[in-house]
Every structure is written in structure tokens, then in C-alpha cells.
Amino acid sequence: MTSPLKKIRVIDIGTLLAGPWGATLLGDFGAEVIKVEKPDLGDEIRYWGNNKNGVGLMYKLINRNKKSITADLRTKFGVKIIKTLVKNKDIIIENYRKGTLEKWGLGYETLSKINPGLIMVRITGFGQTGPNSHKPGFGTLAEGYAGFAAINGYQDRSPLLPGFGLADETSGLMGAFLALTALHERDKSGIGQVVEFGIYEPLFTLLGPQVVDYDQLGIVQTRNGSRLPFTAPRNTYLTKDDKWVSISGSAQSTFERMCEALNIKHLI
């Protein structure tokens, strides 16, 4: 099959996880992605996690399907490289602190004059506007700020952060989705635009009905381990042979079949 994004061209000038992951997802579906790293050390994610023969496996995962170049964006020559690249590209993805690209002379106002159809995806700690927009932010901070840690874990224990880059990776997913949405709009208008959000925002939207429950009912969600207050059974259970299973009776029909299988039909 022909890859659906085969003719889409992307520049990934992001670092670490959130921005580059969005570019990777576009590359998975056929987009041409050019990964720009700083000279010498490259992207810091090269040194995250495990490595094999000196090559970081996390780097390979997050930056698959990409073409690699180096450019120091703090120099005139590095800026010139990016300005040259954007002439015939569709999307540029970045996740630097607010104002960094403008300081380097690579803000959207500048790049859109070179390519009016360019779409820029900007992922920061707290977005480009608002009282916290000037602050830096990483995924771990966002997982607390969005409220995830507060509802994750057991009631009698401390809040828990996830064991992987949840906020960063949901931001990458959202960045890829919104980039394609902007491309769809460009097909109609012929004009590019900026897509921007804070790392905490995609995760906040995934957390469920906390806001409407609080607004309408005054309910604040607490930590309940693996349980949910509106469906049962819903948990992890240890079997007689010391194996763990995940069980959820989210649908009435599923709950009834569980009761029949466990010979506790009276619970139905």
C-alpha cells in the first residue's frame, strides 16, 4: 500500500521526547522527516535508558524513519540551514521554551515569510500564552500539574507518577493529530498556521470527567488504586498459581458472564 503521508515533508528540530515523538508518528505513515540535532553530542535522548554497543535504544525508538542532519541553531549558519529547509517543507516541529526560536531568528513570523504554507507545531511546558507560559516544563512536571499524579495510586499512600513518559508521549500524539488537522485546513485555505499547546493539556483532556463532576456535583476524584467507582469488578487480581490478571466488568453483560463463570449468579 502507498503510505498515506508519503508526500508530506517534516522538519523535526525538537529535543528529547514530546516534539520528536510527534514527528516519528508522522514518519511511521510515510512522511519524510528530517531530524535536526546539535553538533557533537546530538539530541540528549541519545543518552537516555539502555544502549547496545554504545547506541541508545530509546533514541532509535523515538527517532525511527528519520533522516539526520546537524545544525547549531544558535549560529547564523545553523539559522540559514533551517531557513533553507523550510522553503519546501510542510511542517516544522519544535518543543523549546517560549521565545527561544524568536531569539534565534526562527520564529513563525520569520519562517512563514519564506513559506506561507508552513505549519509550525510548538509544544512547551505551559503554552505560548497565559500566566505560566514563560516557565520551562518537562513531562514529569506536567503529570503533576495536569492532575494525573493526584488520582494515581492508593488512598493511603502518596501520589504516583507514571513509569514512562506519559505526558510527553500524549503530547506527541496530539502534536501529530493537530498537525494533520492544520494540513487539512491548509488544503482549503492555502495558508499555514501555528499549532501550540502546553505538555499538560493533552494529558488533562484524557483524565476523564473530573472538571464537569466538580463543576456540576462538587466531586473531587481521589486515589482508588486500580478501582473505579462506577464499574465492578475492576482491578488486578492474584490467582492461586501466583499470576496477576486484569479484570473489568464494565458492561452489564460482561459482569453477568463473570458471575456465571464464578458460580455466584446471585450477585447478578
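So, R0 is 45 Å and r is the distance between the beta-carbons of residue 213 and residue 110; what FRET efficiency does that work out to, to 0.05?
0.50
Between residue 128 and residue 240, what is the label-to-label distance in nm when each label sits 7 Å out along the Cα-to-Cβ direction?
6.2
Beyond 17 Å, what share of the Cα-Cα pairs of segment 97-144 is found? Please give it as a whole percent.
Counting every Cα pair in segment 97-144, those more than 17 Å apart make up 43 percent.
What distance in nm separates the simple spin-label points at residue 158 and residue 88, each placed 7 Å from Cα in the Cβ direction?
5.4
For the Cα atoms of the chain, what angle does the longest principal axis make with the long axis of helix 252-261, in degrees from 0 to 90, nearest 10?
Tilt of helix 252-261: around 50 degrees.
For the chain, calculate the relative contact order in percent as a whole number, restricting contacts to Cα pairs under 8 Å that are 6 or more residues apart.
16
The list (1) 74, 49, 40; (2) 68, 39, 30; (3) 72, 53, 33 gives values of Cα extents along the principal axes in Å, and only one came from this structure; which label was calculated from it?
This structure yields the entry labelled (1).
Given the alpha-carbon gyration tensor of segment 6-82, what are the semi-axes of its equivalent ellipsoid in whole angstrom, ordered largest first, with each equal to the square root of 5 times an eigenvalue?
Sorted largest first and rounded, they come to 19, 18, 9 Å.
Over the Cα atoms, compute the radius of gyration (one decimal) and Dmax (the largest Cα-Cα distance, rounded to a whole number) for segment 67-187, in Å.
Cα-based Rg and Dmax for segment 67-187 come out at 17.4, 57 Å.
Could you pull out every one of the lysines with an alpha carbon less than 25 Å from that of residue 87, ignoring same-chain neighbours closer than 8 positions?
Output for residue 87: 6, 7, 35, 38, 66, 67, 76, 98, 103, 113, 188.
Quick check: pseudo-label points 7 Å beyond the Cα along Cα→Cβ at residue 3 and residue 194, how many nm apart are they?
For residue 3 paired with residue 194, the spin-label model returns 3.0 nm.
In degrees from 0 to 90, rounded to the nearest 10, what is the angle of the helix 18-28 Cα long axis to the longest principal axis of the chain?
Its long axis makes an angle of about 90 degrees.
Fully extended, how many nm does the chain gain between residue 232 and residue 40 (0.36 nm per residue separation, minus their Cα-Cα distance)?
63.7 nm
Angle between the Cα long axis of helix 76-85 and the longest principal axis of the chain, 0 to 90 degrees, nearest 10?
With both axes taken from Cα atoms, the answer is about 70 degrees.
Taking a label point 7 Å from the Cα of residue 69 along the Cα→Cβ vector, which residues of segment 85-107 have an amide N closer than 20 Å to it?
Answer for this model: 85-96, 101-102, 104-107.
Residues in segment 223-263 near a label at residue 151, defined as backbone nitrogen under 14 Å from the 7 Å Cα→Cβ point?
223-231
Taken together, the values in this text are just the output of simple stated rules run on the coordinates, not laboratory data. Owing to the predicted nature of the structure, the values given are computational and were not obtained by experimental measurement. Please note: Cβ atoms are built from the backbone with ideal geometry, for glycine as well, and neighbour counts cover all protein chains shown.
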